[in-house]
Amino acid sequence: MTRPRAARWLCVLAVPALVGCAVLERARGDWWALDRGPSGQAPDPAATPEAVVQVYAARAVSWRGVFAVHTWIAVKARGAAAYTRYEVLGWGVDRGAPAVRVNRTGPDNHWFGDRPEKLVDLRGDGVDAIVAKVEAAVAAYPYPSSYRTWPGPNSNTFTAWVGREVPALRLTLPPTAIGKDYLAGGALAGTTPSGTGVQLSLFGLGGLAVGWEEGIELNVLTLNFGVDLKRPALKLPFVGRLGAP
């Protein structure tokens, strides 16, 4: 192997290692005491009368953050004084708590020290109709009392479900959203979360997705490998996207 090629492979291997180190450093000590305040990405409802829909992703808590992100949805109807945040959490589900949680925290808050990435930001005319569809999709989520970290249904299964039910979101989840490929009812085929493609899935453990927004993704034991053709980038486990934002 030539030196330039070896250097390129070293860089590729170093990125996931650095990501893992950063996540584990955040998980050290009292992770529950880490920053959970607003990140400043959701517009102030008092100054924003228009309807807003946003979707966020942040690295999961503790060691899970090496592999996966946690995702959620925040909506605000026209003229509403506050956002409504929807997400799925596993904490307490085994003791009878619902998996779907509403307004556990603010719409754009840090997730235990990690500043979330904004995946969707819709505002203005026509968004009130999308808010209504999101709320209907949340109400119809097929696993309101169930949670399984791997391979799903989990928080990313929930967000992907809403995306499939509301294709106007054009939701593209990162490859680190483990659980997004778990199709409801054990279906072997369905649309991609963006609604712009199709995917095959074997209980979320393996499969293939092809879509205009997602590109091509191969699922191997819930780890995603792929290529984004619309916004050129590689999609890799642990790291996420490498390429155009």
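Search region 65-78 for residues that are closer than 12 Å to residue 127 by Cβ and pair each with any residue that is outside any strand (DSSP E or B) and of a type in the set (A, V, I, L, M) when their beta-carbon atoms are under 6 Å apart and the residues are at least 6 apart or on different chains.
75/131; 75/134; 77/51; 77/131; 78/51
Does residue 54 meet the test of being under 18 Å from the mean Cα position of the chain (by Cα), not in a loop (DSSP other than H, G, I, E, B) and not aromatic (Phe, Trp, Tyr)?
Spelling it out, residue 54 is indeed under 18 Å from the mean Cα position of the chain (by Cα), not in a loop (DSSP other than H, G, I, E, B) and not aromatic (Phe, Trp, Tyr).
Condition first: in a loop (DSSP other than H, G, I, E, B) and out of contact with any Pro (no Cβ under 8 Å at 6 or more places or on another chain). Now tell me which residues in region 182-218 satisfy that.
183, 187, 188, 192, 193, 202, 212, 213
Count, please, the residues in region 109-119 that happen to be surrounded by fewer than 18 Cβ atoms within 10 Å (Cβ to Cβ) and under 16 Å from residue 86 (Cβ atoms).
The total comes to 1.
Counting just the residues of region 46-65 that are of a type in the set (Ser, Thr, Tyr) and more than 23 Å from residue 172 (Cβ to Cβ), which one comes out modelled with the lowest pLDDT?
For region 46-65, the residue satisfying everything is 62.
Could you grab me the full set of residues in region 87-105 that are farther than 11 Å from residue 148 by Cα and either among the hydrophobic types (A, V, I, L, M, F, W, C) or exposed (fewer than 15 other Cβ atoms within 10 Å of the Cβ) (or both)?
92, 95, 96, 97, 98, 100, 102, 103, 104
Residue by residue through region 146-171, note down the ones that are assigned to a loop (DSSP other than H, G, I, E, B), buried (at least 24 other Cβ atoms within 10 Å of the Cβ) and among the polar types (S, T, N, Q).
Answer for region 146-171, where residues must be assigned to a loop (DSSP other than H, G, I, E, B), buried (at least 24 other Cβ atoms within 10 Å of the Cβ) and among the polar types (S, T, N, Q): just 154.
Among (1) touching a residue at least 40 places away in the same chain (Cβ under 8 Å); (2) more than 19 Å from residue 43 (Cα to Cα); (3) not polar (S, T, N, Q), there is one condition residue 140 misses while meeting the rest; what is its number?
Here residue 140 meets the rest and fails (1).
When the residues of region 57-85 are filtered to those that are of a type in the set (Phe, Trp, Tyr) and outside any strand (DSSP E or B), which remaining residue is nearest to residue 181 (Cα to Cα)?
Selected residue: 67.
Of all residues in region 111-133, which are more than 12 Å from residue 72 (Cα to Cα) and within 16 Å of the chain's Cα centre (by Cα)?
112, 114, 115, 121
On the given criteria, is residue 98 more than 26 Å from residue 121 (Cβ to Cβ) and part of a loop (DSSP other than H, G, I, E, B)?
yes
Name the residues in region 128-170 that are more than 24 Å from residue 93 (Cβ to Cβ) and of a type in the set (A, V, I, L, M, F, W, C), would you?
Scanning region 128-170 gives 129, 130, 131, 132, 166, 168, 169.
For region 193-236, which residues satisfy the criterion of being in contact (Cβ under 8 Å) with a residue 24 or more places away in the chain, surrounded by 17 or more Cβ atoms within 10 Å (Cβ to Cβ) and under 19 Å from residue 153 (Cα atoms)?
Within region 193-236, 193, 194, 204, 207, 209, 219, 222, 224 meet the criteria.
Answer yes if at least one residue in region 107-121 is of a type in the set (A, V, I, L, M, F, W, C), closer than 13 Å to residue 38 by Cα and in a loop (DSSP other than H, G, I, E, B), and no otherwise.
Within region 107-121, one or more residues are of a type in the set (A, V, I, L, M, F, W, C), closer than 13 Å to residue 38 by Cα and in a loop (DSSP other than H, G, I, E, B).
Please go through region 207-225 and give me each residue that is of a type outside the set (D, E, K, R) and on the phi < 0 side of the Ramachandran plot, ordered by number.
208, 209, 210, 211, 212, 216, 218, 219, 220, 223, 224, 225
The values are calculated or read from the model by the stated rules, or taken from the named source; none is laboratory data. The structure presented is a predicted model; accordingly, all values stated were derived computationally and were not measured. A quick note on method: Cβ atoms are made from the backbone with ideal geometry, for glycine too, and the neighbour counts reach across all protein chains shown.
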